[in-house]
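Since the structure comes first, as structure tokens, the remarks are kept for the end.
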Amino acid sequence: MGIIAWIIIGLIAGAIAKALMPGKDPGGIIITMLIGIVGGLLGGWLGKVLFGVDSIDGFFDLSTWIAAIIGSVILLLVYRLVTGNRHSHRHA
């Protein structure tokens, strides 16, 4: 798959991850989009490393989307854990 396909999958996977994990995120829409793109790559890599399968077969393959969404959810969770504490201790 090309870079444009990865960006599209990542953007959609990031939106789905945000829908699965609602709440206020530090960052905004740009950060969520970047998390989606990187999360898609992370999901594909984890699928290959942990299960020994090529989870990135094609744009319309279900395993590609599942890997991208799982990767995005993991990355969003980590992002919230790392940055959430920093932003919650600010005073108005």
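Rule-based calculations on the coordinates, nothing more; no lab input. Small disclaimer: the values here were computed from a predicted structure and weren't measured. Because the Cβ atoms are built from the backbone with ideal geometry, glycine has one as well, and the counts that use them run over all protein chains shown.
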What is the calculated FRET efficiency for Asp61 to Met21, with r their C-beta to C-beta distance and R₀ = 22 Å, to the nearest 0.05?
0.35
How far is it, in nm, from the label point at Ile8 to the one at Ile30 when both lie 7 Å from their Cα along the line to the Cβ?
2.5 nm
